[in-house]
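J.: Please find one structure pasted underneath; my questions will follow.
The values are calculated or read from the model by the stated rules, or taken from the named source; none is laboratory data. As the structure is a prediction and not an experimental result, all values here were calculated from the model. So basically every Cβ, Gly included, is an ideal-geometry build from the backbone, and we count neighbours across all protein chains shown.
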Amino acid sequence: MHNSLKTGCLAALLLVMVLTGRGQTNCSLFTDSNKVKACRFYNLSDNYAQGTRACENILDSALYYWPGYAEAWHEKSVPYLKRGDFFTWRKYVDKAVALKPLEYLGVRAWCRFKFLHDYEGALNDLVKLDTLTQFNPGQSGDGSYDLHIVMALSERELGYYKKAFHYFSIGIDTVLRQKGIQWVGLYDYLHRAVMRMRVKDYAGALSDLAKQIDKYSKFAETYYYQGQVLVLTGHPVEARKAFEKSKRLFISEGYHLTDPYCEMPDAVYLEEIEEALSGIKATPGIFP
């Protein structure tokens, strides 16, 4: 199986687990009879395919008995997110956020970042969550990112690099100092390296790319961006080696950033790698 397909299937599985996986609620924890009924309907909905009429009707019954049932509102929102009906998704997830901001602000922020590229909206949610959690907002919906990294990426895409560096520092350097390298996200150094490239901090970019290789050495993107920095700093021979390794990793030996629903931040395509290789091979007076 092609590596992009393998990683795509894994990402799809993780997303399905995040969006659909939920344990049965212990309804005996509630003393109000209507909440008990709502809880039982909520548990019953798990027996039906998410987004089907039967599942939606059962969730509506839960909300009839308990209109303030945040978990049911969130569960109603999920199939609309999957279908791309973001208007209806927002209508329902907003109710969940209003009822339980600690539980659902991060969920809404992650989806705004990932699916809608609504960086400003994601930041608004995450700043609120950061304050509510005393600066420990948790992980993204799929577990890939400390939410401070999502804040950094949002600031980066909005062009606010100073703020982005601040959140990258919290999400990488503070985490490294307090918890160790195993807690640094799998892609974090790569994303910060790309930002360093944007501000022409090429030494810093190469340093972060080296750390990314130490963290995980199989991503094609790492060597693609390394090659780009080496071209910009006048090292074409080393750049070609980096691009060639990027292509090998992309095609057969490693992995590349991919997601079944959205384009991942800083993902690179095979055509871009081949174009970079063609460009450097055509440099006069360097290669035969």
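J.: All but one of (1) part of a helix (DSSP H, G or I); (2) among the polar types (S, T, N, Q); (3) not assigned by TED's automatic domain parsing to the domain that holds ALA276 hold for SER144; state the number of the condition that does not hold.
T.: Only one criterion is unmet by SER144, namely (1).
J.: Could I ask something else about it? Quick one: count up the residues across the range 155-184 that are in a loop (DSSP other than H, G, I, E, B) and crowded, with 19+ Cβ neighbours inside 10 Å.
T.: Number satisfying all stated conditions: 1.
J.: Tell me, yes or no, whether the range 187-203 has at least one residue that is within 19 Å of the chain's Cα centre (by Cα), buried (at least 19 other Cβ atoms within 10 Å of the Cβ), basic (Lys, Arg) and within 20 Å of TYR119 (Cα to Cα).
T.: Checked the range 187-203: at least one residue is within 19 Å of the chain's Cα centre (by Cα), buried (at least 19 other Cβ atoms within 10 Å of the Cβ), basic (Lys, Arg) and within 20 Å of TYR119 (Cα to Cα).
J.: Let me ask something else. Which of the numbered conditions does ASP259 fail, given that it passes all the others? Conditions: (1) acidic (Asp, Glu); (2) out of contact with any helix residue (DSSP H, G or I) (no Cβ under 8 Å at 6 or more places or on another chain); (3) within 24 Å of GLU157 (Cα to Cα).
T.: So ASP259 meets the others, but not (2).
J.: Which pairs do you get when a residue that is closer than 17 Å to ALA54 by Cα, found in the range 67-87, comes within reach of a residue that is outside any helix (DSSP H, G or I), reach meaning Cβ atoms under 7 angstrom, with the pair 6+ apart or on two chains?
T.: Filtered contacts from the range 67-87: VAL78/GLN50; PRO79/GLN50; PRO79/GLY51.
J.: List the pairs whose first member sits in the range 185-197 and is in a helix (DSSP H, G or I), whose second member is acidic (Asp, Glu) and surrounded by fewer than 22 Cβ atoms within 10 Å (Cβ to Cβ), and whose Cβ atoms are under 7 Å apart, counting only residues at least 6 apart or on separate chains?
T.: Partner pairs satisfying both residue conditions: LEU190/ASP266; HIS191/ASP266; VAL194/ASP266.
J.: For the range 40-62, enumerate the residues that are of a type in the set (A, V, I, L, M, F, W, C) and in contact with a Phe, Trp or Tyr (Cβ under 6 Å, 6 or more places away or on another chain).
T.: Within the range 40-62, ALA54, CYS55, ILE58, ALA62 qualify.
J.: Applying the selection to the range 52-81, what residues are under 19 Å from ARG108 (Cβ atoms) and surrounded by fewer than 17 Cβ atoms within 10 Å (Cβ to Cβ)?
T.: GLY68
J.: Tally up the residues in the range 114-140 that are among the aromatic types (Phe, Trp, Tyr) and farther than 17 Å from HIS166 by Cα, please.
T.: Counting residues in the range 114-140 that are among the aromatic types (Phe, Trp, Tyr) and farther than 17 Å from HIS166 by Cα gives 1.
J.: In the range 33-75, how many are touching a Pro at 6+ places or on another chain (Cβ under 9 Å), closer than 16 Å to ALA96 by Cβ and in a loop (DSSP other than H, G, I, E, B)?
T.: Residues meeting the conditions: 1.
J.: Please enumerate the residues belonging to the range 110-143 that are touching a residue at least 60 places away in the same chain (Cβ under 8 Å) and farther than 17 Å from LYS100 by Cβ.
T.: Selection gives LYS114, PHE115, ASP142, GLY143.
J.: One residue is enough: does the range 31-44 have a residue meeting the conditions surrounded by 15 or more Cβ atoms within 10 Å (Cβ to Cβ), aromatic (Phe, Trp, Tyr), modelled with pLDDT of 95 or more and under 23 Å from TYR261 (Cα atoms)?
T.: Scanning the range 31-44 turns up no residue that is surrounded by 15 or more Cβ atoms within 10 Å (Cβ to Cβ), aromatic (Phe, Trp, Tyr), modelled with pLDDT of 95 or more and under 23 Å from TYR261 (Cα atoms).
J.: Let me ask something additional. Identify the residue in the range 82-100 that is surrounded by fewer than 14 Cβ atoms within 10 Å (Cβ to Cβ) and in a helix (DSSP H, G or I) and, among all such residues, is modelled with the lowest pLDDT.
T.: ARG83
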